[in-house]
Amino acid sequence: MNKAIRRAFRGVTFFVSSAIMVLGVNVAQAKNMEKQNLLQLMSHSDSILIGTVARKTEGFHKGLPYTEITLDVGQSLKGNHGSSYTFRQFGLIKPRSMGDGRVNMMVTPAGWPTYVQGEQVMLFLHKPASETGFQTTAGLTQGKFSIRGNRIANDINNDSLFAGVQINGKLSKTQRDLVNQAGGSYAVNDFLALVKTAVEENWIETGVMTNEK
């Protein structure tokens, strides 16, 4: 590899790393994200939305590539949102020709959520980044739950979602069974109802939902 190519490669690597750092998620976190339990996902979320992916496009903002996702909102469990919500996540949908012989390879990083038009999802979304406005899910793919029929699961099949979580309150039998389930998909209505109750009754803020000591 000659010097010119090495310099170009280092420049691209630095740019991508810097861009991800701007979003508040560094490269090591993106590649080696630790498992997040429900308390962590909720604590790190500015919005919790349930809906259908209506469309996705891509573009650039101040030189940074993004994928723009528009969600037809069915329920908004956290945050005040209307019937539609649009956000931009770092990275293009696919490599893109720049029209001058160059190809921009800065696609959505590995380990980050991707979206398909028409899929039903529940999203635990971070607050938009202050400098770019870009936004992604808490825990990356762990904060995107896919709804298929009457079941719901994230990218790691809900593994450890209630690990280390203690709920200091009276739960219904259905809620207890859900909390005690080690992993695997959940009944969608039961899971949504539990998260909705936790948000509306401020379980985290009042100490009802805590980390086990």
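The values are calculated or read from the model by the stated rules, or taken from the named source; none is laboratory data. Note that the structure is predicted; figures quoted are calculated from it, not measured. No Cβ is skipped: glycine too gets one built from the backbone with ideal geometry, and neighbour counts run over all protein chains shown. These accessible areas exclude ligands, DNA and RNA; they are computed on the full protein's heavy atoms, side chains included. Shrake-Rupley method; radii C 1.70, N 1.55, O 1.52, S 1.80 Å.
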For the stretch 183-201, does any single residue satisfy the condition of being assigned to a loop (DSSP other than H, G, I, E, B), over 20 Å from the mean Cα position of the chain (by Cα) and surrounded by 14 or more Cβ atoms within 10 Å (Cβ to Cβ)? no
The stretch 52-71 residues that are open to solvent by 50 Å² or more (accessible area, probe 1.4 Å), paired with ones that are acidic (D, E) (beta carbon under 9 Å, 6 or more apart): R55/E68; K56/E68; T57/E68; E58/E68; K62/E131
When the stretch 72-93 is checked residue by residue, the ones that are without any contact (Cβ under 8 Å) to a residue 24 or more places away in the chain and open to solvent by 70 Å² or more (accessible area, probe 1.4 Å) are D72, N80, S83
When the residues of the stretch 120-134 are filtered to those that are of a type outside the set (D, E), assigned to a loop (DSSP other than H, G, I, E, B) and in contact (Cβ under 8 Å) with a residue 12 or more places away in the chain, which remaining residue is most open to solvent (accessible area, probe 1.4 Å)? K127
Sole exception among (1) under 24 Å from S45 (Cα atoms); (2) part of a strand (DSSP E or B); (3) small (G, A, S) for G59, by number: (1)
Filter result (farther than 17 Å from T52 by Cβ, within 15 Å of the chain's Cα centre (by Cα) and open to solvent by 70 Å² or more (accessible area, probe 1.4 Å)) within the stretch 94-119: A110
Can you confirm whether the stretch 25-46 contains a residue that is at pLDDT below 50, buried (at least 18 other Cβ atoms within 10 Å of the Cβ) and in contact with a strand residue (DSSP E or B) (Cβ under 9 Å, 6 or more places away or on another chain)? yes
(1) farther than 23 Å from Q40 by Cα; (2) not in a loop (DSSP other than H, G, I, E, B) all hold for Q117 apart from (2)
What do you reckon, is N157 open to solvent by 60 Å² or more (accessible area, probe 1.4 Å), in a loop (DSSP other than H, G, I, E, B), without any contact (Cβ under 8 Å) to a residue 60 or more places away in the chain and out of contact with any Pro (no Cβ under 6 Å at 6 or more places or on another chain)? yes
